[in-house]
Amino acid sequence: MKDTVEPYVTDDGRTIGDVMLDLRNITLRFGGVEAIKDISFDIREGEIRAIIGPNGAGKSSMLNIISGFYKPQEGEVWFDGAIRPPLRPYQVAQQGIARTFQNIALFEGMSVLDNVMTGRLNHMKAGLFRQALWYGRAEQEEVENREAVEKIIDFLEIQKIRKTPVSRLPYGLKKRVELARALAAQPRLLLLDEPMAGMNVEEKEDMSRFILDANDEFGTTIALIEHDMGVVMDLSDRVVVMDYGRKIGDGTPDEVRGNQDVIDAYLGVSHD
Amino acid sequence: MTATAPQKGCETLPNLLARNVARFGDKPAYREKELGIWQSWTWAQAAREIEAFACGLADLGLAPGDSVAIIGRNRPALYWAMISVQMCGGIPVPLYQDAVAEEMIHVLGNSQARFVIAGDQEQIDKIHEVQDQIPHVEIMIYHDPRGMRKYDAANLFEMDDVTKNGRAKQSEIWPRLQAIQAKQGYDDTCVMLYTSGTTGRPKGVVLSNRNIIETSKNSSEFDHLRADEDILAYLPMAWVGDFIFSVGQALWTGFCVNCPESAETMQTDLREIGPTYFFAPPRVFENQLTEVMIRMEDASKLKQWLFHHFMAHAKKVGPRLLDGESIGFGDRLKYFLGNLFIYGPLKNTLGLSRVRVGYTAGEAIGPELFAFYRSLGINLKQLYGQTEASVFITQQPDGHVRSDTVGVPSPGVELKMAENGEVFYRSPGVFVEYFNNPESTASTKDAEGWVATGDAGFIDPESGQLRIIDRAKDVGKMSDGAMFAPKYVENKLKFFPNILEAVVFGNQREMCTAFLNIDLTAVGNWAERNNIAYSSYQELTGHPQVLDILRGHVEEVNKSVAADPMLAGCQVHRFVVLHKQLDADDGEMTRTQKVRRGVVEEKFGDVIDAMYGGKSEIYTETEVTYEDGRKGKIKATLQIVDAAVQPVQQLEAAE
């Protein structure tokens, strides 16, 4: 382990705890293509961790490994201090990891409320039979889950569109609904794949606010991929920089900003 | 003035609360939509909360005579807080929640508030920002704890904690508060409300228990309000109307105050509650109508035909039905069918199905707009009022409603007109004084209690109702001596759904010109329908086709203005569509959405000069304030459009 794991308090008063997720020497191949080459980094409890890099650097693949969708050929994923065996994505979700997608993946024909309710799936224990008959535990669970969902709706200020079908919403709001659904799962670790892609400045400001608030209010640990450097540098506690499947930088936004390899990767190098 | 004796046990608002608990203890008194569900509190439950919070406030040191600023959106807890403050002998001072920090300094400073009760983090942040300029604010209390966890100032408390603390010490503190309340009388201050400041700095209007309770009693009786009414409290708490409707009348008659979930969900909440007593400024009705018309354009041909067919019929007979006139059997049958197919569902969508008494005020309402609602069978009426009058000066009785008048004097109100046409009134609701401002008090209210309204008007001989022409000081003369009444023309312009706001100039000039603001909803929808691409508000305002449409509107208004020989000089010769919306944050409007003519005239002076200078376009830079208080500049080249005017007919001397 390279990092000290003593908890510390950030400038804005949040406590960053122990290592939650530790990726050790991960390598991922698709046939002959090495998408990720021997990468190690960790995510600590309570922090906002950004993964940045040019297109095709392997950022989304990295997120897919964390969410259990891809299985790396080499390396280990440690979660809560124990090695994580290969899991199905739903099992990963049960561990408290939720995500949003680069291309919005909502149920277009369903209302915002119903979409967010699907985020509560892991919190519903009643069997198919009871659910179908709306009987006993199923009813009580629905009420509890609805309350949890309403809190998220209130939190993200989407009361107005509660009953609107998702297909009728503009892009920026869909992104917010996706965040709502992920938060409804009450995850410990939230993975955001380009939460601000395609947004205008105002929408980006709103989204940044919600990400910070979610981290602050619910103590959710957040790992995000984002291209907008301004956003990344303002939001995150630590940043991993990837390029061609390799890690070329890791540290606080200031450290990363001053890192020559990072500057080269983003701005290009003169060959003379 | 006749000083009426109060009914026993009804001298203060806390008294009225106690009376309601005894009379309607189990009846819902307040509702609020939270977490998607309407939560409700009975009078008894509300009273318990109010008393506990009052004890908590007293424990924090709130003493009789202290003023307490209350800032936030309409929520039961904040309405309760006002009564709690009164229980401690304090004076509640509600503030406009969307005021920026600098505006707050003046009001907080002027009222000398020792306590501030804020709705949420946003309000607390604003006060923190200017804290060093308001040293007399000792204690801050917030209601919604969201985002407040990291604030650790020693003088900052969560409302819930204050209530809990108060409840724990209630047995010890309450007797002390009861003693304070026993000393409060009919002529003690009930509330202090700040004027919106159309012309200058907001002034603190001191209203006594007598003002509020007498007015609430009179107006409730005028409209036969009952304990089973429902109202939606969505207008700013700092506005006198909301205080009378949601506090005064609610406590007097014991009806239920419903608070929406958020400002954006108001329309949905309105529909769910279906108020029986409803108040809205013309702007709200206008927006609703615009929305309806836009959606009708998307409807199928058959639905469109049904809508237009039955609306035409409603326009013909609806208002007469409401006024209780007799109409033919055929018309009645057709109206009944129309109600089944169109009016009923439409009213339901608008959330106005159950409205027994509806009021509009604050601005003149376009006659067509007014007729639209009346024709649906909604008993919409007009009233004329002021903060200084505890709202009511005149109001229209059921069955005697006209669009161009504002009603007969409310019970207990006397009216008189000055030489120049300015309206004066005297009533039990007339304010005590402007706080710490004896000069203004003296210039507004004379020794006999007559108050100048600042509006010019006359009693319409036909209906016996008051008719307001314009602000007395805005009515002017054109250079040829013709009368200039800008509001009259502006209201006609604003009735077009495409025009959100209009400002007409022409005092002491040879012709009238105007600034227009487009309504983005209506014009944006039109653009979408006609495949017109635009990337910003500014671009849309300058689009040649938009200018063409607006020219059509202006020319239509000119025709209708020309029909009135007295005002024919007020036709608009040239106009400019402004590149930005007039906004309260930029000082161009008041918080109650009234145009500050002087500010606009000064700020856009270059544009006005260009209009009168015969230019066809003008480059201008305008400072704007963003919602977070930052300032920026927007630049634009504005087209100046000429509109056709009708020849002014000379008044024929011979008959």
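Please report the net charge: other residues with Cβ closer than 9 Å to the Cβ of A:Asn25, K and R +1, D and E -1.
Values: positive: A:Arg24; negative: A:Asp38, A:Glu74, A:Glu76.
Once positives and negatives cancel, what remains is -2.
Over all other residues within a Cβ to Cβ distance under 10 Å of A:Leu212, the charged ones net out to -3, with Lys and Arg as +1 and Asp and Glu as -1. In this rough spin-label picture, where each label sits 7 Å from Cα along the Cβ direction, the A:Ser167-B:Glu34 distance is 3.7 nm. Shape of the protein assembly as shown from its Cα gyration tensor (a ≥ b ≥ c, root eigenvalues): rounded if a/c is under 1.5, otherwise prolate when a/b > b/c, or oblate? In terms of gyration-tensor shape, prolate.
Would you mind counting up the charge near A:Leu173? Only other residues with Cβ under 11 Å from its Cβ, with Lys and Arg at +1 and Asp and Glu at -1. Spell out each step's value before the answer.
Numbers: positive: A:Lys160, A:Arg168, A:Lys174, A:Lys175, A:Arg176; negative: A:Glu157, A:Glu178, A:Glu203, A:Asp206.
Neighbour charge sum, excluding A:Leu173 itself: +1.
Across every pair of non-identical alpha carbons in the range B:476-642, the mean reciprocal distance, once inverted, gives a Kirkwood radius of 16.4 Å. Name the residues of the range B:50-92 whose amide N is less than 14 Å from a point 7 angstrom out from the Cα of B:His136 along the C-beta direction? The answer is B:63, B:65-69, B:91-92. All Cα-Cα distances of chain B, cut into 20 Å bins from zero to the largest, leave 17, 51, 29, 3, 0 percent in each bin in turn.
Report the per residue volume, in Å³, of the convex hull enclosing the C-alpha atoms of the range B:590-632. Please report the intermediate quantities before stating the final value.
On the way: hull volume 3.9 nm³, N = 43.
Roughly 91 Å³ of hull volume per residue.
Here each label is just a point 7 Å from Cα along the line to Cβ, and for B:Gln304 and A:Tyr8 those points are 6.6 nm apart. Projecting the Cα atoms of B:Thr405, B:Pro461, B:Pro282 onto the charge dipole of the range B:282-471 (Cβ charges, centred on the Cα centre) puts B:Pro282 farthest toward the positive pole. Net charge dipole, the range B:476-642: roughly 260 debye, given to the nearest 20, about the Cα centre with Cβ charges of +1 for Lys and Arg and -1 for Asp and Glu. For the range A:128-142 and the range B:54-78, write down the distance between their C-alpha centroids in whole Å. With the range A:128-142 and the range B:54-78 each reduced to a Cα centre, they are spaced 45 Å. Note on B:Ile327 and B:Met566: their simple-model spin labels are 3.0 nm apart, each label 7 Å out from Cα toward Cβ. Cα centroids of the range B:174-211 and the range A:1-75: 61 Å apart.
Helix B:101-111 and the long axis of chain B differ in direction by around 50°, with both axes built from C-alpha atoms. For B:Lys416, the lysines whose Cα comes closer than 16 Å to its Cα, not counting residues fewer than 8 places off in the same chain, are B:Lys445.
Compute, for chain B, the length of the dipole vector about the Cα centre, with Cβ point charges of +1 (Lys, Arg) and -1 (Asp, Glu) only. Units Debye, rounded to 20.
Details: 66 positive and 87 negative charges, 309 e Å.
Dipole size: approximately 1480 debye.
Annotation: for a label point projected 7 angstrom from Cα along Cα→Cβ of A:His227, residues of the range A:167-197 with backbone N closer than 12 Å are A:194-197.
Eigen-decomposition of the gyration tensor built on the alpha-carbon atoms of the range B:562-655 gives equivalent ellipsoid semi-axes of 34, 18, 9 angstrom, largest listed first. On the basis of the beta-carbon distance and an R0 of 30 Å, B:Lys164 and A:Met110 show a calculated FRET efficiency of 0.15. For B:Lys315, the lysines whose Cα falls under 29 Å of its own Cα, not counting residues fewer than eight places away in the same chain, are B:Lys301, B:Lys303, B:Lys334, B:Lys347, B:Lys381, B:Lys487, B:Lys492, B:Lys494, B:Lys559. Cα centroids of the range A:164-239 and the range B:461-509: 50 Å apart. On a 31 Å Cα-Cα criterion, which of the cross-link pairs B:Lys183/B:Lys217; B:Lys33/B:Lys150; B:Lys33/B:Lys183 come out too long? Those over the limit are B:Lys33/B:Lys183. Segment B:Ala153..B:His224, full-extension length gain: 20.7 nm, with 0.36 nm per residue of separation and the alpha-carbon distance subtracted.
I need to check one value: relative contact order of the range B:282-471, counting alpha carbon pairs closer than 8 Å and at least 6 residues apart, in percent. Mind showing how you got there, number by number?
Values: 265 pairs, mean separation 28.9, N = 190.
Reported relative contact order: 15 percent.
A Förster radius of 25 Å, combined with the Cβ-Cβ distance separating B:Glu601 from B:Lys559, puts the computed FRET efficiency at roughly 0.40.
Take the Cα radius of gyration of the range B:282-471 and divide it by 2.2 N^0.38 Å, with N its residue count; two decimals is plenty.
Here the Cα radius of gyration is 1.23 times the empirical estimate.
Toward the positive end of the charge dipole of the range A:109-184, with +1 on the Cβ of Lys and Arg and -1 on the Cβ of Asp and Glu, the farthest Cα among A:Val112, A:Leu169, A:Val149 is that of A:Leu169. Computed extension gain for A:Gln131 through A:Asp80, at 0.36 nm per residue and net of the alpha carbon distance, reaches 15.0 nm.
Note on A:Lys125: aspartates and glutamates with a C-alpha under 20 Å away, same-chain residues under 8 apart excluded, are A:Asp114, A:Glu139, A:Glu141, A:Glu142, A:Glu144, A:Glu147, A:Glu150.
No lab work stands behind these numbers, since they all come straight from the coordinates. Quantities reported herein were computed from a predicted structural model and do not represent experimental measurements. Positions of Cβ are generated from backbone atoms using ideal geometry, with glycine treated the same way; all protein chains shown enter the neighbour counts.
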